[in-house]
1. Report, by residue number, each residue of region 52-107 that is part of a helix (DSSP H, G or I), without any contact (Cβ under 8 Å) to a residue 60 or more places away in the chain and of a type in the set (D, E, K, R).
2. Condition check: of a type in the set (A, V, I, L, M), within 19 Å of GLU196 (Cα to Cα) and part of a helix (DSSP H, G or I). Does MET132 satisfy that?
3. Cβ contacts < 8 Å: first residue farther than 12 Å from LEU135 by Cα and touching a residue at least 24 places away in the same chain (Cβ under 8 Å), restricted to region 210-235; second residue of a type in the set (Gly, Ala, Ser) and surrounded by fewer than 17 Cβ atoms within 10 Å (Cβ to Cβ), any location; separation 6+ or different chain. Result?
4. So in region 172-216, with the set limited to residues that are charged (D, E, K, R) and within 30 Å of LEU80 (Cα to Cα), which one is surrounded by the most Cβ atoms within 10 Å (Cβ to Cβ)?
5. Residues ALA231, ALA239: which one is loosely packed, with under 12 Cβ neighbours inside 10 Å and within 22 Å of ALA63 (Cα to Cα)?
6. Just give me the residues in region 159-171 being surrounded by 13 or more Cβ atoms within 10 Å (Cβ to Cβ) and either at pLDDT below 95 or among the acidic types (Asp, Glu) (or both), in sequence order.
7. Of everything in region 197-243, what is in a loop (DSSP other than H, G, I, E, B) and either under 21 Å from the mean Cα position of the chain (by Cα) or among the hydroxyl-bearing types (Ser, Thr, Tyr) (or both)? Give them in sequence order.
8. Considering only region 108-125, I want to know if a residue exists there that is in contact (Cβ under 8 Å) with a residue 40 or more places away in the chain, of a type in the set (Lys, Arg), surrounded by 12 or more Cβ atoms within 10 Å (Cβ to Cβ) and under 18 Å from GLU73 (Cβ atoms).
Amino acid sequence: MKLKTLLILLLLVGGMILGGCKQEKQEPVAGGSSSEQNAEDNSSEQGAEESSNDGFQADDKVATINGKVLSYEDLQFYQLMNKVDIELNRAVDEKSLQGEELKEKLAYWDDQLKYHDNFNVNLSKMMEQHTMYLLAREKGLDVETAQVRKTVEEFTTKVAQNEAASQLVSDFPADAYQNRLNNYFTEKLLTLQIYETLKDDVVKEKPNATEKEIAYDTAKSYEELYQSQIASLEIKINAAELE
């Protein structure tokens, strides 16, 4: 579930520190080359939400959470995974929707792709998932290796069957991609466990609530838990030092 309120919170955290960074910098497309510097000529048209060359190296630190360093390549990987999810969701809509409803949904997915070209958006999502993963570990939650493996295999199959998603993955360094999949889905599955636990609590408290009410209350509980967790961690945004 996409929690815009969580993104807003982290955008504020990242934005306050990253605000002093070079706004003219553009984030390179994953796996891109130095020739992408030509994109700077069009940067004024793209605005702050587009990024194609911000000058970072793969191993540059962009954030540190309780001593865990998250590199620029980690951030690029999250950007990749977000965009792949968008393409997979687009494919589902293309099969199930039609007419004006399909047109509107495709436009929405196009906007989401552009949205995830933003440095702060990807930083926020990366930090949120790792933060909630740490909370899951603190609570003693775990996920079986077999479940992670199955999830990765199912994801890989879907990507292979989707031309747009496959192209995105092929543009990313192969080793960097493969080396991060298990850890990414371990974090994601544990974060999902937290969300589902909160959802179960809402259902118990309000057995007659609608799905919309359940989703709203669960999101609210998740946000409160997230705010509490992030306040308890030592977080440093290193990207501001990379000017």
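The values are calculated or read from the model by the stated rules, or taken from the named source; none is laboratory data. Everything numeric here is computed off the predicted structure, so don't read it as measured data. FYI the Cβ positions are ideal-geometry reconstructions off the backbone, even for glycines, and counts take in every protein chain you see.
1. ASP85, ASP93, GLU94, LYS95, GLU100, GLU101, LYS103, GLU104, LYS105
2. When the stated conditions are applied, MET132 passes them.
3. GLU234/GLY67
4. If we take residues in region 172-216 being charged (D, E, K, R) and within 30 Å of LEU80 (Cα to Cα), then GLU187 is surrounded by the most Cβ atoms within 10 Å (Cβ to Cβ).
5. ALA231
6. Once the filter is applied, which keeps residues that are surrounded by 13 or more Cβ atoms within 10 Å (Cβ to Cβ) and either at pLDDT below 95 or among the acidic types (Asp, Glu) (or both), region 159-171 yields only ASP171.
7. Step one: list which residues in region 197-243 are in a loop (DSSP other than H, G, I, E, B), which gives 206-210, 232-234, 238, 242-243.
Matches in region 197-243: THR210, SER232, LEU233, GLU234, ASN238.
8. yes
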